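**Student:** Take this structure, written in structure tokens, and hold onto it; I'll ask about it next.
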Amino acid sequence: MTEVKEEKKMVRGFAGLIYAVLTPLNEKEKFKEKFANTKVKILINASNLNYAALVIIDKGTIDVESVPNKPKENLEKKNAGWDAFIEMHASTFLAFAMNRLSLPGMAKLVLKREVRLKGLRKLLAMMQMMKILAE
């Protein structure tokens, strides 16, 4: 009898951290209900690290994949397949995720061009996820 093992994908670098932070949402009923009809891919690039995180929300479940951010072409929409994109320093993202950086503070960083955003409407899903995660 041969045993078939399901191979767990390797999540590396910054994506591993995002995976550890966001996957507890899979156990929250509020997340499952609110995102039951949502399919969105958000690419979070830590500009100072080697891997970006592709956050995949698919009908009430969340998963994270790592994407090497060098060469820069790996992060293009046609290659990574994202719907929304956010790029910032890793410490900035962690401050935002831990509610140490407010929305107005984030807006200031966008104006200073320390944070890059694309697909702003889809990024609202990220804001809702952070709110549910904080509960």
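**Student:** How large is the translational diffusion coefficient of the stretch 25-73 in µm² per second when you combine the Kirkwood radius over alpha carbon pairs with Stokes-Einstein at 25 °C and 0.890 mPa s?
**Tutor:** So the translational diffusion coefficient is about 209 µm²/s.
**Student:** Also: Can you compute 3J(HN,Hα) from phi for each residue in the stretch 32-39, using the Karplus curve 6.51 cos²θ - 1.76 cosθ + 1.60 with θ = phi - 60°, rounded to whole Hz and x for Gly and Pro?
**Tutor:** Computed from phi, the couplings for the stretch 32-39 are 4, 5, 5, 10, 4, 10, 9, 10 Hz.
**Student:** How big is the dipole moment of the chain about its Cα centre under a simple scheme where the beta carbon of each Lys and Arg is +1, that of each Asp and Glu is -1, and everything else is neutral? Debye, nearest 20, please.
**Tutor:** In total the dipole reaches around 580 debye.
**Student:** Using the Cα centre of the stretch 8-135 as origin and beta-carbon charges of +1 (Lys, Arg) and -1 (Asp, Glu), tell me which of ALA95, ASN26, LEU117 is placed farthest towards the positive end of the dipole.
**Tutor:** LEU117
**Student:** Given only helices, namely DSSP H runs of n ≥ 4 each adding -39500 (n - 2.57), what is the per-residue ellipticity at 222 nm of the chain, to the nearest 500 deg cm²/dmol?
**Tutor:** Details: 6 runs with 52 residues, N = 135.
Taken over the chain, the calculation gives -10500 deg cm²/dmol.
**Student:** Excluding GLY13 itself, what net charge comes from residues whose Cβ is under 13 Å from its Cβ, given Lys and Arg +1 and Asp and Glu -1?
**Tutor:** Here the charged neighbours net out to +1.
**Student:** No solvent, one uniform scatterer per C-alpha: report log10 I(q)/I(0) for the stretch 9-95 via the Debye equation at q = 0.12, 0.19 1/Å, two decimals.
**Tutor:** Debye curve over Cα of the stretch 9-95, log10 I(q)/I(0) at q = 0.12, 0.19 Å⁻¹: -0.34, -0.83.
**Student:** While we're looking at this one, here's another question. So which chymotrypsin sites (Phe, Trp or Tyr not before Pro) in the stretch 54-135 end up in coil per DSSP with only 13 or fewer other C-beta atoms within 10 Å? Spell out each step's value before the answer.
**Tutor:** Working: sites: TRP82, PHE85, PHE93, PHE96; in loops: TRP82.
Here no loop site has a sparse enough neighbourhood.
**Student:** Tell me, what is the percent relative contact order of the chain, built from C-alpha pairs under 8 Å that lie six or more residues apart? Can you show the working numbers first?
**Tutor:** On the way: 214 pairs, mean separation 31.3, N = 135.
This gives 23 percent for the chain.
**Student:** Considering the Cα positions of the stretch 89-134, please state its Rg to one decimal place and its Dmax as a whole number of Å.
**Tutor:** Values for the stretch 89-134 (Cα only, Rg and Dmax): 10.4, 28 Å.
**Student:** Along the charge dipole of the chain, Cβ charges K/R +1 and D/E -1, which of PRO104, VAL11, ILE132 sits furthest on the positive end?
**Tutor:** PRO104
**Student:** Taking a 27 Å limit on the Cα-Cα distance, which of the listed pairs LYS70/LYS112; LYS41/LYS72; LYS30/LYS108; LYS34/LYS118; LYS28/LYS72; LYS72/LYS118 fall beyond it?
**Tutor:** Details: LYS70/LYS112 24 Å; LYS41/LYS72 18 Å; LYS30/LYS108 31 Å; LYS34/LYS118 23 Å; LYS28/LYS72 35 Å; LYS72/LYS118 16 Å.
Where the Cα-Cα span goes over 27 Å, the pairs concerned are LYS30/LYS108; LYS28/LYS72.
**Student:** Ok, one more. Could I have the simple spin-label model distance between ALA134 and THR38, label points 7 Å from Cα toward Cβ, reported in nm to one decimal?
**Tutor:** 1.5
FYI, it's all coordinate maths here, none of it is from the lab. Everything quoted here is computed from the prediction, not taken from an experiment. Glycine gets a Cβ as well: all are built from the backbone with ideal geometry, and neighbour counts include every protein chain shown.
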